[in-house]
1. Taking interchain pairs and intrachain pairs at least six residues apart, which have beta carbon atoms under 6 angstrom, with the first residue in segment 101-113 and within 12 Å of Val74 (Cβ to Cβ) and the second at pLDDT 90 or above and not basic (Lys, Arg)?
2. Within segment 59-72, work out how many residues are over 17 Å from Glu94 (Cβ atoms) and surrounded by 12 or more Cβ atoms within 10 Å (Cβ to Cβ).
3. Those residues that are under 14 Å from the mean Cα position of the chain (by Cα) and of a type in the set (S, T, N, Q), I need them from segment 1-30; list them, please.
4. Between Asp42, Asp92, which is in contact with an Asp or Glu (Cβ under 8 Å, 6 or more places away or on another chain), open to solvent by 20 Å² or more (accessible area, probe 1.4 Å) and at pLDDT 90 or above?
5. If you scan segment 89-108, which residues turn out to be in contact with a strand residue (DSSP E or B) (Cβ under 6 Å, 6 or more places away or on another chain) and of a type in the set (D, E, K, R)?
6. If you check every pair at least six apart or on different chains, which have Cβ atoms under 7 Å apart with a residue in segment 9-30 that is closer than 25 Å to Asp93 by Cα first and a residue that is open to solvent by 30 Å² or more (accessible area, probe 1.4 Å) and among the basic types (Lys, Arg) second?
7. For Val47, state whether it is touching a strand residue (DSSP E or B) at 6+ places or on another chain (Cβ under 9 Å) and open to solvent by less than 30 Å² (accessible area, probe 1.4 Å).
8. Among the residues of segment 5-24, write down those that are open to solvent by less than 70 Å² (accessible area, probe 1.4 Å) and of a type in the set (Ser, Thr, Tyr).
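The values are calculated or read from the model by the stated rules, or taken from the named source; none is laboratory data. Just so it is clear, the model here is predicted, and its values are computed rather than measured. Backbone-built Cβ (ideal geometry, glycine too); neighbour counts: all protein chains shown. Accessible surface is based on the protein model in full, side chains and every heavy atom, while ligands, DNA and RNA are left aside. Shrake-Rupley method; radii C 1.70, N 1.55, O 1.52, S 1.80 Å.
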Amino acid sequence: MPVPGSLRKTCRDFLGIDGEIRYIFPARSYGGGAGFLFVITDDRISVITTGAFGRTGPKSVWGGYPRGTRIGPVETGNGASFTFAGGEFEIDDEYIAVVNAADAEIFDRDSLPRDPLPDL
């Protein structure tokens, strides 16, 4: 399920982003607990905490990383999870493709599908 446009705007305002948000997805601490939003732009990966009870209200910036930082791989044995910057995170299955696409864009561009309408 795509992240709503209103949440993209909230994250853009919270982080003071002028450029495009390439990818955004919610996550939570492995085993439950705090919620997070991963916001990926052309040059940065920002991880925002949303607190223990919410998934949409930014509370603080957990960390900022260069865009060349790999997010995955996502392990899918007992639910979808990954380790990033020393933290362990869980995501809903529907966001596995988002993590994979964000990583592929930087580390394996040839695996991305071609743009069917490159002149638009």
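1. Ala102/Tyr23; Ala102/Ile40; Ala102/Ile71; Asp103/Ile71; Asp103/Gly72
2. 9
3. Within segment 1-30, Ser29 is the sole residue that qualifies.
4. Of the residues listed, the single one that is in contact with an Asp or Glu (Cβ under 8 Å, 6 or more places away or on another chain), open to solvent by 20 Å² or more (accessible area, probe 1.4 Å) and at pLDDT 90 or above is Asp42.
5. Passing the criteria: Glu90, Asp93.
6. Qualifying pairs under 7 Å: Ile21/Arg8; Ile21/Arg12; Ile24/Arg8; Pro26/Arg55.
7. yes
8. Those that are open to solvent by less than 70 Å² (accessible area, probe 1.4 Å) and of a type in the set (Ser, Thr, Tyr): Thr10, Tyr23.
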